[in-house]
Amino acid sequence: MADYFTEFSIVMDMSESEKRWIDRFLVLGKALADESICETIAVKFGESRSGADHEAWFHSFGYQQSSVNALSELLHRFLIKFDRDDVVILQWANTCSKPRVDAFGGGAAVISRLGIHFINTAVWADEVSQKVGRKLAMERAVHI
């Protein structure tokens, strides 16, 4: 059996009251995920390793399975609640414990209080390969 992972790490500046709000949201989210009511946001959240007073980090690695969609929505709600003009970039990697064709890739989300914009490498690669395939077919048809 293969184990699939979604891994990411981001650092954000935030006040102590903002950190407490995130902590409460994560605790509630875990309780709801345990009851299968919402997607899991399984992250390590805490003080930045740089020791800066106003930095906090989100980290998902290894056997934790975390929803990028759910974390993006949390960060979006955070930016709205605290009326922040930050633009947060969340990049992730999809990996697997065994070689599987569908197991590797990743993506990115650009998050602000105005919304969330996603790109996924599998979707992007499929779109580009279809365009290239059509161009190759047209080129071949011209030369026949």
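The values are calculated or read from the model by the stated rules, or taken from the named source; none is laboratory data. Treat the numbers as computed from the prediction; the structure is a model and nothing was measured. So basically every Cβ, Gly included, is an ideal-geometry build from the backbone, and we count neighbours across all protein chains shown.
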Suppose the filter is in contact with a helix residue (DSSP H, G or I) (Cβ under 9 Å, 6 or more places away or on another chain) and outside any loop (DSSP other than H, G, I, E, B); does Arg77 pass it?
yes
The stretch 77-119, subset modelled with pLDDT under 95 and among the hydroxyl-bearing types (Ser, Thr, Tyr), residue nearest to Phe25 (Cα to Cα)
Thr95
Those residues that are more than 25 Å from Leu79 (Cβ to Cβ), touching a strand residue (DSSP E or B) at 6+ places or on another chain (Cβ under 8 Å) and loosely packed, with under 14 Cβ neighbours inside 10 Å, I need them from the stretch 101-122; list them, please.
Ala122
So which residues in the stretch 78-100 are without any contact (Cβ under 8 Å) to a residue 60 or more places away in the chain and surrounded by 14 or more Cβ atoms within 10 Å (Cβ to Cβ), if there are any at all?
Leu79, Arg84
Any residue that is closer than 26 Å to Asp102 by Cα and either part of a helix (DSSP H, G or I) or at pLDDT 70 or above (or both) - is there at least one of those in the stretch 21-37?
yes
Residue that is among the aromatic types (Phe, Trp, Tyr) and in contact with a Gly (Cβ under 8 Å, 6 or more places away or on another chain), where the choices are Phe104, Phe118:
Phe118
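Yes/no per residue for (1) of a type in the set (S, T, N, Q); (2) assigned to a strand (DSSP E or B):
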| site | (1), (2) |
| --- | --- |
| Leu90 | no, yes |
| Pro99 | no, no |
| Gly107 | no, yes |
| Val123 | no, no |
| Ser129 | yes, no |
| Val132 | no, no |
| Lys135 | no, no |
| Arg140 | no, no |
